[in-house]
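What follows is a short report on a single structure.
The values are calculated or read from the model by the stated rules, or taken from the named source; none is laboratory data. Here the structure is a predicted model, which is why all the values come from computation and not from measurement. When we count neighbours, we look across all protein chains shown, and the Cβ atoms used for this are built from the backbone with ideal geometry, even at glycine.
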Amino acid sequence: MLKKLLITASSAALMSLGIVSSASAASLNLLVNGGFESPDIRPNSYSTINPIPGWSLTSDSAPGSGIEIQDNIAGSPFEGNQFVELDGRAVSGIFQNISTVVGRQYQLSFAFSARPGTADNRLNVFWDGATVANLTASGAGRSNSNWNVYTYNLVANDTTTTLRFDNFGELSNSRGSYIDDVRLVAVAVPESGAILGVLMVGVFGASSAIKRKQA
């Protein structure tokens, strides 16, 4: 009975601080509409919209550009039914502001493909204004998209962080970079000392409960 009570109290203390459930919490995508499935456009079509849920066009995007959503019209998506093309009409950028914790580590991942038949597509990635990556891809000779997934570990320096993608530096020809399945998750790495401290709180709580019960 004592052993069972100690385990129960310790588990409750861990769960109250989110340590037991940290793995599931860390896997939660902090981005809105990371797969660009909203708004849901007609199958086998495309639509240029600004803004879309979660994402807005950057102010320095070329005149006439927009956020182009495709649904299986010039290549297959990486996941779901839709993705974004960054040079639908002109070179452009999109961004999303995320609530973050200063000093917390985050993992960013996304799928990037060149447009089929296009030799030079570029993708620039920024986190809070700092360059994360400058990527290039070629779709020359391809009849379908060729997705590659990129992953980066990042640290937040503010309570609100801007994630940005653009294809600046690319020739504007309405045949731009594809992005899909953008994910941002908090990396949960609880320190062993913190876990031990919580366990001690659980044990103390269990002991106190036993004393009260026997008094």
Task: Those residues of the range 49-71 which are among the hydrophobic types (A, V, I, L, M, F, W, C) and at pLDDT 95 or above, in sequence order - done: I52, W55, L57, I67, I69
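One residue is enough: does the range 101-115 have a residue meeting the conditions within 14 Å of the chain's Cα centre (by Cα), aromatic (F, W, Y), farther than 21 Å from R175 by Cβ and surrounded by 15 or more Cβ atoms within 10 Å (Cβ to Cβ)?
Yes, the range 101-115 contains a residue that is within 14 Å of the chain's Cα centre (by Cα), aromatic (F, W, Y), farther than 21 Å from R175 by Cβ and surrounded by 15 or more Cβ atoms within 10 Å (Cβ to Cβ).
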Open item on the list: Being in contact with an Asp or Glu (Cβ under 6 Å, 6 or more places away or on another chain) and either assigned to a helix (DSSP H, G or I) or not aromatic (F, W, Y) (or both) narrows it down to one residue among R183, R122, R115; which is it?
Closed with: R122
- [ ] Select the strands (runs of 3 or more DSSP E) contained entirely in the range 129-172, then report the ones holding at least 1 residues which are aromatic (F, W, Y).
- [x] 148-155, 160-166
Open item on the list: Looking only at the range 64-88, count every residue that is surrounded by fewer than 18 Cβ atoms within 10 Å (Cβ to Cβ) and under 13 Å from N50 (Cα atoms) and tell me the total.
Closed with: 1
Open item on the list: So in the range 159-174, with the set limited to residues that are surrounded by 14 or more Cβ atoms within 10 Å (Cβ to Cβ) and among the β-branched types (V, I, T), which one is nearest to F126 (Cα to Cα)?
Closed with: T162
- [ ] Considering every residue within the range 173-194, establish whether at least one is closer than 27 Å to G64 by Cβ and modelled with pLDDT under 80.
- [x] yes
- [ ] Evaluate the following for F95: is it assigned to a strand (DSSP E or B) and within 23 Å of T136 (Cα to Cα)?
- [x] yes
Task: Search result, residues across the range 161-172 that are modelled with pLDDT under 95 and farther than 15 Å from S61 by Cβ - done: L171
Open item on the list: So if I check each of S38, S56, which one is over 21 Å from N124 (Cα atoms) and surrounded by fewer than 17 Cβ atoms within 10 Å (Cβ to Cβ)?
Closed with: S38
